[in-house]
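Worksheet: the structure to be examined is printed underneath.
The values are calculated or read from the model by the stated rules, or taken from the named source; none is laboratory data. Keep in mind it's a predicted model, so treat the numbers as computed, not measured. All Cβ positions, even for glycine, are placed from backbone atoms using ideal geometry, and neighbour counts span all protein chains on display. Note: accessible area is taken over every heavy atom of the protein model, side chains too, but ligands, DNA and RNA are not part of it. Shrake-Rupley method; radii C 1.70, N 1.55, O 1.52, S 1.80 Å.
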Amino acid sequence: MPRLSYRRALTRALADEMTRDESVFLLGEDIRVAAANVTTGLLKKFGPERVLDTPLSEQAFTSFATGAALAGARPVIEFQIPSLLFLVFEQIVNHAHKFPLMTGGQCTVPVTYLVPGSGSRTGWAGQHSDHPYSLFAHVGVTTVVPATPADAYGLLVSAIRCDDPVVVFAPAGALDLRADVADLAPVPLGWGVVRRPGTDVTVVAVGHLVHDALAVADDLAGQVSVEVFDPRTLYPFDWDGLLDSVSRTGRLVVVDDSNRSCGIAGEIIATVVERVPLAAPPRRVTRPDGAVLPFAPALDRAVQPGRDQLTAAIQLTCKDG
């Protein structure tokens with residue numbers, strides 16, 4: 001099996017879709033020199049007409065992409081910094097997302113917003129370390145957070161082929177992961193996956209935290225049987241898949257590297273509690289309320305959810321009830 005990194009999986013997905021469909025093109029800041037190391041080699045292969053460097057005006061080129069999509073193209077925008085999504089929230093939510101809905105489906109806006117390096121990168125501090133995926137799930141924009149190289153490829157391919165806007169968060173904590181990949185294929189949007197079967201507790205882990213959850217499950221194997229559920233798509237969420245898991249285990253812990261209040265972890269717990277009787281109170285492991293990641297590495301790590309916190313949450317949940 002060839003070994004593939006998460007970052008190169010994103011590159012492969014872009015190259016394959018640009019080869020397959022001439023309406024796909026890329027735009028963003030410094031993508032011709034591959035500043036984020038995701039668009040490497042694509043300028044040479046596809047030329048300046050399809051790999052467009054943009055001015056430092058995110059609102060302008062995000063609106064440009066909406067217009068291009070309405071005219072029949074399939075733009076992919078790379079945002080080097082997740083915080084830029086706050087700046088273009090208006091263009092994505094009020095324009096690209098709502099145009100098809102408010103016209104009764106008379107138009108489509110197939111734009112993909114790719115965020116390579118979302119979340120914390122050492123020393124990138126408060127304005128570069130957000131994970132705002134819950135905002136897009138809240139308003140109903142298709143939102144995906146791949147955890148593995150195979151899913152990074154497959155979900156990005158499906159996002160580009162989707163006729164609606166899709167935001168793809170590629171966590172910084174996953175970019176350098178490598179895995180043996182036998183086959184690269186599209187991954188359907190809206191389908192989660194059980195990464196590890198278990199019988200005592202379901203752990204829902206988002207993005208790169210899937211790997212932490214698997215490591216914790218290994219560590220606790222002699223004490224607790226942990227099932228790890230990777231949602232992959234946060235909106236639309238695979239509620240049937242998760243409810244099937246929790247119905248079998250009777251317990252739930254969610255680990256999510258975004259802020260606690262109004263985050264996706266709280267939504268997952270609320271929805272499960274409405275539908276499935278649990279043997280013990282559910283728990284969530286997240287960043288603190290209103291967290292802004294500090295520059296100092298030790299403080300940065302202290303704010304993020306970690307394996308020790310997840311281990312404690314699992315043990316408490318399995319002790320209760």
Can you compute the helix-only [θ] at 222 nm over the chain? Use -39500 (n - 2.57) per DSSP H run of at least 4 residues, normalise by all residues, nearest 500 deg cm²/dmol.
-10500 deg cm²/dmol
Amide H of Arg196: which non-local residues (sequence gap of 5 or more, or other chain) have their own amide H closer than 5 Å, using H built in the peptide plane?
Val228
Can you say what percent of the DSSP beta bridges in segment 111-248, counting only those with both residues inside, are antiparallel? Round to 5.
30 percent
Bridge type composition, the chain - antiparallel percent by DSSP, nearest 5
20 percent
If I model a spin label as a point 7 Å beyond the Cα along the Cα-Cβ vector, how far apart are those points for Phe86 and Asp219 in nm?
3.2 nm
Could you sort Phe99, Phe64 by accessible area so the largest value comes first, with the probe set to 1.4 Å?
Phe64, Phe99
Binning every alpha carbon pair distance of segment 1-106 at 10 Å from zero, what are the percents per bin?
14, 43, 33, 9, 1
Rounded to the nearest 0.05, what FRET efficiency do Asn37 and Ala279 give with R0 = 30 Å and r taken as the Cβ-Cβ distance? Could you check?
0.10
Return the whole-Å distance between the Cα centroid of segment 66-140 and the Cα centroid of segment 27-58.
18 Å
With R₀ set to 41 angstrom, the calculated FRET efficiency between the beta-carbons of Met102 and Ala296, to the nearest 0.05, is 0.35
Return the sequence-ordered ³J(HN,Hα) values of segment 291-306 in whole Hz as given by the Karplus equation 6.51 cos²θ - 1.76 cosθ + 1.60 applied to θ = phi - 60°, using x for Gly and Pro.
5, 10, 5, x, 6, 4, x, 5, 6, 4, 5, 5, 7, 7, x, x
Quick check: the angle from helix 209-219's long axis to the longest principal axis of the chain, C-alpha only, nearest 10 degrees?
30 degrees
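On a full-extension model of 0.36 nm per residue, what is the gain between Thr122 and Lys44, subtracting their alpha-carbon distance, rounded to one decimal in nm?
Numbers: separation 78, 0.36 × 78 = 28.08 nm, distance 3.11 nm.
Separation in residues times 0.36 nm, less the Cα-Cα distance, equals 25.0 nm.
Can you give the convex hull volume of the alpha carbon atoms of segment 184-293 per residue, in Å³?
Cα convex hull per residue, to the nearest whole number: 118 Å³.
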In whole percent, the fraction of accessible protein surface over the chain that belongs to carbon or sulfur atoms, probe radius 1.4 Å, stands at 53 percent
Which of Cys262, Pro236, Val273 sits farthest toward the positive end of the charge dipole of segment 234-275, with +1 on the Cβ of Lys and Arg and -1 on the Cβ of Asp and Glu?
Val273
Which of rounded, prolate or oblate describes segment 268-321 when judged by the alpha-carbon gyration tensor and an a/c cut-off of 1.5?
oblate
What does the C-alpha gyration tensor say about the overall shape of segment 75-119? Classify as rounded when a/c is under 1.5, otherwise prolate if a/b is larger than b/c, or oblate.
prolate
Go through segment 246-260 residue by residue and turn each phi into a ³J(HN,Hα) via Karplus (6.51, -1.76, 1.60, θ = phi - 60°); whole Hz please, and just put x for glycine and proline.
5, 4, 7, 8, x, 9, 9, 10, 10, 10, 8, 8, 9, 5, 5
So which chymotrypsin sites (Phe, Trp or Tyr not before Pro) in segment 175-258 end up in coil per DSSP with only 16 or fewer other C-beta atoms within 10 Å?
Trp191
Rg (Å, one decimal) plus Dmax (Å, integer) for the alpha carbons of the chain?
19.4, 61
Among 204-214, 273-283, the order from most to least packed when residues are scored by Cβ within 10 Å on average
204-214, 273-283
The answer for Asp257, listing residues at least 5 apart or on another chain whose modeled amide H is closer than 5 Å to its amide H, is Val206
Diffing segment 186-196: the Karplus 3J(HN,Hα) column from phi (6.51, -1.76, 1.60, θ = phi - 60°), in whole Hz with x for Gly and Pro, holds x, 10, x, 6, x, 10, x, 8, 7, 7, 8
Considering amide H positions built from the backbone, and no H for Pro or chain starts, which residues 5 or more places from Val51, or on another chain, come under 5 Å of its amide H?
Leu26
For the pair Asp53 and Ala270, how long in nm is the line joining their label points, each one 7 Å along Cα→Cβ?
4.5 nm
